[in-house]
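These notes concern the structure reproduced below.
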Amino acid sequence: MHSPAIVAAPLPDAVPLFPLPNHVLLPGVPTPFRVFEPRYRELVGDLLALPEEHRWLAVPCLAQGWESDYQGNPPIHRVAVAARILHSSELTEGQYFIAVMGEERCLLTEVASDRLYRRATLEPLPDVPERPDEVERALDHLRAAAVVLFARLPDIPWNVRLLVERPAGPEALVYRLGALILPDAPDRQRLIEERSVLARVEILLARIGELLVAGGLSGVDGNAAPKA
């Protein structure tokens, strides 16, 4: 097991790719994975050989048509989140259980790899400039809508409740809420591809409206570990 208190090194020029079907990692959201495919066991083993602060990878979602070439190089969404390994434990038969923290949205450009797994360079995707007062008003609106939703849902995780009840930056509030209320990969992919805080807030407000009409969360499981 490894400590999450390690300060991450700057993003490297290129990182291993850990593409997954129907899963979009969000920034600021710790996520567990069970790793059993040989190529990704090699990936984790290579990263664990590095100092903890250098254990970077990217977790893109597989794109449409991936099923026909899953064992090869299936298509991926180029916008993905760079992440680092926080914890790891080795399981039987060389498998791993890892927990990663999404750190930064990036544009991926695949490069040649001499390993079983794929690699890509990273181009960070900063948000477009927006007026701070407009962003704060939008976040206040989002918090108010979330309070209404939470009042109808008794089982909201305490850490998500705290983000609404206490001041939080736009990244923490938006992506933690997104992890809770956006179970579908296409919606999460749209969230990370947006380069506007205001646009991301609108996505979540629309989803909260849908949930209030429908009567609550359905099919959301924030604790399941994707496998690859």
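Among the residues of segment 36-47, some residue qualifies, meaning at least one is of a type outside the set (Lys, Arg), without any contact (Cβ under 8 Å) to a residue 40 or more places away in the chain and surrounded by 15 or more Cβ atoms within 10 Å (Cβ to Cβ).
Residues checked against (1) under 22 Å from the mean Cα position of the chain (by Cα); (2) at pLDDT below 95:
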site	(1), (2)
88	yes, no
106	yes, no
110	yes, no
136	no, yes
142	yes, yes
152	no, yes
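Under the condition of being over 14 Å from residue 47 (Cβ atoms), out of contact with any helix residue (DSSP H, G or I) (no Cβ under 7 Å at 6 or more places or on another chain) and in contact (Cβ under 8 Å) with a residue 40 or more places away in the chain, which residue from segment 75-88 is least open to solvent (accessible area, probe 1.4 Å)? Filtering first and then ranking leaves 80. For segment 61-73, does any single residue satisfy the condition of being open to solvent by less than 30 Å² (accessible area, probe 1.4 Å), closer than 21 Å to residue 176 by Cβ and within 17 Å of the chain's Cα centre (by Cα)? Yes, segment 61-73 has at least one match.
Note on segment 109-118: among residues that are closer than 26 Å to residue 190 by Cβ and assigned to a strand (DSSP E or B), the one that is most open to solvent (accessible area, probe 1.4 Å) is 110.
On the given criteria, is residue 23 in contact with a Pro (Cβ under 9 Å, 6 or more places away or on another chain), in contact (Cβ under 8 Å) with a residue 24 or more places away in the chain, assigned to a loop (DSSP other than H, G, I, E, B) and on the phi < 0 side of the Ramachandran plot? Answer is yes for this residue. When residue 106 is tested against (1) open to solvent by less than 30 Å² (accessible area, probe 1.4 Å); (2) hydrophobic (A, V, I, L, M, F, W, C); (3) in contact with a Ser or Thr (Cβ under 6 Å, 6 or more places away or on another chain), just one condition goes unmet, and that condition is (3). The residue that is most open to solvent (accessible area, probe 1.4 Å), among those in segment 145-187 that are in contact with a Lys or Arg (Cβ under 9 Å, 6 or more places away or on another chain) and among the charged types (D, E, K, R), is 165. Look at residue 122 and say whether it is free of Cβ contacts under 8 Å to residues at least 60 places away in the same chain and either touching an Asp or Glu at 6+ places or on another chain (Cβ under 9 Å) or polar (S, T, N, Q) (or both). Considered against the rule, which asks whether it is free of Cβ contacts under 8 Å to residues at least 60 places away in the same chain and either touching an Asp or Glu at 6+ places or on another chain (Cβ under 9 Å) or polar (S, T, N, Q) (or both), residue 122 comes out as no.
The values are calculated or read from the model by the stated rules, or taken from the named source; none is laboratory data. For clarity, every value in this text was computed on a predicted model and none was experimentally measured. Backbone-built Cβ (ideal geometry, glycine too); neighbour counts: all protein chains shown. The protein model used for the area step is the full one, side chains on, heavy atoms only, and it has no ligands, DNA or RNA in it. Shrake-Rupley method; radii C 1.70, N 1.55, O 1.52, S 1.80 Å.
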